[in-house]
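Comments concern the structure below.
The values are calculated or read from the model by the stated rules, or taken from the named source; none is laboratory data. Given the structure is predicted, the values throughout are model-derived calculations rather than measurements. Quick reminder, even Gly has a Cβ in these numbers, built from the backbone with ideal geometry, and neighbours come from all protein chains shown.
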Amino acid sequence: MAKVLALPVVLLFCWADSKNLVFQPSSVIATGPRITAFLLGNITDVSLNVRAVFPSNVTGSIDPPSCAAEETQWIVTKEQVGMNALRVHLHLNKSLHLCGENETDCCPKPLCVLESLQISACVGNTAQASLLIQAKIYAHLISTNAGSDSPTVIPNQVYEPLGSCPCDLTSGTCDIRCCCDKDCSAEELKLFQSHCLTGPFGGQLPPVPDYHCSAQREDSPDWFPFLCVISPLENNPYLGLFYNGDNIITKPRPSFQMPILSAPVFNIYRQGNPIFTLDDQLFTIPQMAIGHCVYNAPVAFLENFSFKCVTLLGSCPTAFPLQTLPSDLSMKVNNGQGGDVTVEVREETVRDLNPFLSNAVVNSDQVKVCESVTLALDYTFYWKGNQMTKIILTRSVGTFILKGSVELTTRYSADFLIGEHASESNSNNPGYQVGRPIIAGIESTQTNAFSVQRTSINLWKPVRDGLCLTAEKQPVLFAENSTSGCHLFVSLQNLTQCDLLRDTVASLQADLITATYVANSGNPNSETEADWVKISVSNSSNSLGDVDGSCSGIASHIHIHIWSYVTRTAEGNAQRNIHAIKVWSTLSTWTLDCGGGDVSPCSDPTEAQLFHVTSSVTFIDIPIHIGPPKTRFQINFTEYDCDRNDVCWPQMFFPLTKYYTGEPHSQSLAKGLILVFFFLAASVLGTPWRQIRQAWNSSFLS
């Protein structure tokens, strides 16, 4: 294990020991008034200078960095975020609204700012690094009408199809993407003119269909006036969707009269249903949603989760959820059968705060002691049937000294237990559901019988800086192809230790897939071997030809192929199962890029470059033909095949053929033969037979 972890330590050491200054990114295209970048390296005695630059008319190049001060409309500030890093902020010191009469600090035209800037990092009077910024900023268009909160009144809702402009929701204000809104100015319409709401709801009535008589063109055929459809354009399919009902006026009654309330209806807990407190409020736990922490997110029954939230602290927290009391957390929860269960709070003190505190910025002037800060809330729900029997909350608290600012990482989790076993979330019943995690497992060796301990198959989930050292994992979701990855810093010194580099990357990729089996359905039995499919692992072979500054045979990409098929249909929904799964790695050769005139990575052993480590999953559908086999007639005479042509001659003989499915074939055949008999009898006994008999009689008499 020490050999595998040696590479990240060397890489971080190499980056922290760098004495050169560099901006990340080195160039920025700005469309707003605020710009942020990072200055990395030895930031001691560094000053920042901003100036406007102009490309040469002859060569098109930019002048070299300069430490001479110039007056611009931009303000540059810096903020130290580490021992060798500065966060550089650039702010436009100008208003971005269009000029009115007798205004100066404003924008004379919509394209307000169009210039090139250069930020120089100077030590003394010598420029060490530069950042090139191309700013193209438009003015903020503010409606001249302040508008109101009242909705737009659409008259004659019964007789006008969706109103004159259904997307005009707010009176006196321009509604975004509503191109028929009369409150929008010409400048505002240019912002979203190419993204207008389509269809009748956006005020865009559908075009006149080709079969309408008013759609006749010069190239229309001669028979068009005889087959076209005449219909008033007012006959819109959306006409009459609105009902102009009467308002219900409440009758006054004495204030002391109690309202008559209906008996509350309580639904039994089922998997995925929200949990309620005793006063019919949602039971909430802080969770992660859309990349942000939501402190009042509801908890779903039998749905386990574990999230981490990162908060930047500049002072000691005083509000929920970082400051909580056991009395506030010990609440009564509806158990699902009309009763209640009280949350039992257990408190533990955390001594080692390193997993929770990071990226501290020391400021000796501000020293505070933050006591009893909530670091983790771990809920354990015990359930049986459709009710909860017990809830235990483990609240982890800690005390730390705050000097300046620090990032605090808190943990929130919920586990549902039945007896002594954790509840296992299925993906569907019986087949997999699209978007649910793939169920995987590791074969247990504790017993002689077959048994699988559940786990998951994961992909990379880059966060924050995108490095593999800080990247998280995300489970593979059924029927959703995905590709993700992270970055790894590699220097010339690391490329001299190819065996260590190969082992490190292989170890990172192996942590994604630790399972040996995958469930073929959405509700497998952990002790039934037929419910599991063994994962096929293919090891790519590559001859190792390591040279100076280059390492080959690195498993930089891991790919997962999953074959699925439809087994049956239940209640109109196709049930999909997994047929096979294969995992293999793609080997590549890593070499430092010294092109573009930058040869420092190939000469300086401590200069590092970013290399990509990726993972992907691909789902393949296995087509299964469940219909009857095609006959030789359908194969040879495709022009008579009813499945391939609009005209089907065999269907002309309804109901004598098999294509008639309204009743059993034997009954339809018998009724068809009876109809044929009556037709023949009517033909024989009708007018033709009478004429033949008269002709016979007349010839006989003569």
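So in the stretch 48-76, with the set limited to residues that are hydroxyl-bearing (Ser, Thr, Tyr) and surrounded by 14 or more Cβ atoms within 10 Å (Cβ to Cβ), which one is modelled with the lowest pLDDT? Checking each candidate, the answer is 66.
Taking first residues from the stretch 109-130 that are in contact (Cβ under 8 Å) with a residue 60 or more places away in the chain and part of a strand (DSSP E or B) and partners that are aromatic (Phe, Trp, Tyr) and crowded, with 19+ Cβ neighbours inside 10 Å, the Cβ contacts under 6 Å between residues at least 6 apart in sequence or on separate chains come to 129/23. With a requirement of 1 or more residues that are touching a residue at least 40 places away in the same chain (Cβ under 8 Å), over 32 Å from the mean Cα position of the chain (by Cα) and surrounded by 12 or more Cβ atoms within 10 Å (Cβ to Cβ), the strands (runs of 3 or more DSSP E) lying completely within the stretch 258-360 that satisfy it span 332-334, 340-349. Within the stretch 579-586, the presence of at least one residue that is modelled with pLDDT of 70 or more and farther than 30 Å from residue 466 by Cα is confirmed.
When 606, 567 are screened for being surrounded by 12 or more Cβ atoms within 10 Å (Cβ to Cβ), touching a helix residue (DSSP H, G or I) at 6+ places or on another chain (Cβ under 9 Å) and modelled with pLDDT under 90, only 606 passes.
Answer yes or no as to whether residue 518 is at pLDDT 90 or above, in a helix (DSSP H, G or I) and crowded, with 20+ Cβ neighbours inside 10 Å. For residue 518, the condition - at pLDDT 90 or above, in a helix (DSSP H, G or I) and crowded, with 20+ Cβ neighbours inside 10 Å - is not met. Is at least one residue of the stretch 370-379 of a type in the set (D, E, K, R) and surrounded by 15 or more Cβ atoms within 10 Å (Cβ to Cβ)? The answer is yes; a qualifying residue exists.
Taken over the stretch 521-532, the residue count meeting the criterion of being touching a residue at least 24 places away in the same chain (Cβ under 8 Å) and not in a strand (DSSP E or B) is 8. Of the strands (runs of 3 or more DSSP E) that lie entirely inside the stretch 46-105, those containing 1 or more residues that are out of contact with any helix residue (DSSP H, G or I) (no Cβ under 8 Å at 6 or more places or on another chain) and over 19 Å from residue 117 (Cα atoms) span 74-82, 85-92.
Among residues of the stretch 533-547 that are under 17 Å from residue 589 (Cβ atoms) and among the hydrophobic types (A, V, I, L, M, F, W, C), those with a Cβ under 8 angstrom from a residue that is at pLDDT 75 or above and outside any loop (DSSP other than H, G, I, E, B), sequence gap 6+ or separate chain, pair up as 544/498; 544/552; 544/553.
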